[in-house]
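The values are calculated or read from the model by the stated rules, or taken from the named source; none is laboratory data. This one's a predicted model, so the numbers in the text were calculated from it and none came from an experiment. Glycine also receives a Cβ, built like all others from the backbone with ideal geometry; neighbour counts cover every protein chain displayed. Protein only, heavy atoms only, side chains kept; ligands, DNA and RNA dropped before computing areas. Shrake-Rupley method; radii C 1.70, N 1.55, O 1.52, S 1.80 Å.
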Amino acid sequence: MMGCKTFFFTGLIAFWGCSPNLYKEANRSYKQQAKAFANELKKQPADIDSAMMASQWVGTTNFGMRKPNFVIIHHTAQAACDTTLKTFTLPRTQVSAHYVICKDGTINHMLNDYLRAWHAGSGKWGNVTDINSVSIGIELDNNGFEPFTEIQINSLLQVLKKLKKDNNIPTANFIGHADIAPKRKVDPNKYFPWQQLAANGFGYWHDTVNVKLPENFDAMQALRIIGYDTKDSIAAIRAFKLHFVQQDTEAKLTDADKKIIYDLYRKY
Ligand SMILES: [Zn+2]
């Protein structure tokens, strides 16, 4: 349970004591910052460059909020969920995510989905270079070397279902941090159930039973078409294998790997 601690007395009696004020300071800061952005949105004319160049301001009556078009999945690489919540509520860390899902399935929502979290860092997928501006970041409590719990994945699937429906996010756009930053990142780890996600409509999986590799198939070009930044081909191959092969992340493409790439690239 969030914000709760176990207190022990005389070694015999234990009880749960809730501290609802644990994140009071952070919540106040959130509110202040959100208010500042709301004031920014209300400005007529908006003092951004394109408006400054205009001769006059005419407010249209027809508009909405921008929506995320990608979901990026991470593992926290930390020992406990509370540690991550603390990390994301300290200004000096400069990192955050929209959701943090604990091993016991608890879903922590930390940022309005319309706002930009700082989870992706520098990265690239296709021609998208500002991933934070177009994505929702989801962190799964996991030290980086262990399987994910079933209850945690069930919570994740619930969140993904709502995000996909609310924002009309394409099936292809549910990907991992390592996919968009292959040189820097290795999350989520090899135990992440990408195949199970794909079976639920979040990301693609492969079926190579009847796949015949065409002659002169260019696997690196296909990886680039899928979305990978292939400037560093070794890093790109490793990231692809972490996601779609999983049991082997050697930076070498076997014929079986190439068949997987061929099958996937036709879906993207
Ligand atoms: Zn990450």
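This table checks each residue for (1) of a type outside the set (A, V, I, L, M, F, W, C); (2) under 20 Å from ILE136 (Cα atoms); (3) part of a loop (DSSP other than H, G, I, E, B); (4) open to solvent by 70 Å² or more (accessible area, probe 1.4 Å).
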residue: GLY201; (1), (2), (3), (4): yes, yes, yes, no
residue: TYR204; (1), (2), (3), (4): yes, yes, yes, no
residue: ILE225; (1), (2), (3), (4): no, no, no, yes
residue: TYR228; (1), (2), (3), (4): yes, yes, yes, no
residue: ALA251; (1), (2), (3), (4): no, no, yes, no
residue: TYR262; (1), (2), (3), (4): yes, no, no, no
Of the residues in segment 66-86, those that are touching a Ser or Thr at 6+ places or on another chain (Cβ under 9 Å), more than 11 Å from the ligand (Cβ to nearest atom) and more than 17 Å from LYS103 (Cα to Cα) come to ARG66, PRO68, ASN69, PHE70, VAL71
Which condition from (1) farther than 22 Å from ASN127 by Cα; (2) open to solvent by 60 Å² or more (accessible area, probe 1.4 Å) is the one that ASN189 breaks? (2)
Taking segment 231-249 on its own, how many of its residues are open to solvent by less than 30 Å² (accessible area, probe 1.4 Å) and either at pLDDT below 95 or farther than 15 Å from LYS190 by Cβ (or both)? 2
Just name the residue that is surrounded by the fewest Cβ atoms within 10 Å (Cβ to Cβ) out of those in segment 68-98 that are part of a loop (DSSP other than H, G, I, E, B) and not hydrophobic (A, V, I, L, M, F, W, C). GLN94
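With the structure loaded, tell me whether SER122 is among the hydroxyl-bearing types (Ser, Thr, Tyr) and within 13 Å of the ligand (Cβ to nearest atom) or whether it fails that test.
It is true that SER122 is among the hydroxyl-bearing types (Ser, Thr, Tyr) and within 13 Å of the ligand (Cβ to nearest atom).
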Hits in segment 113-155 - residues which are in a helix (DSSP H, G or I) and either touching a helix residue (DSSP H, G or I) at 6+ places or on another chain (Cβ under 8 Å) or open to solvent by 20 Å² or more (accessible area, probe 1.4 Å) (or both): ILE131, SER133, VAL134, GLU150, ILE151, ILE153, ASN154
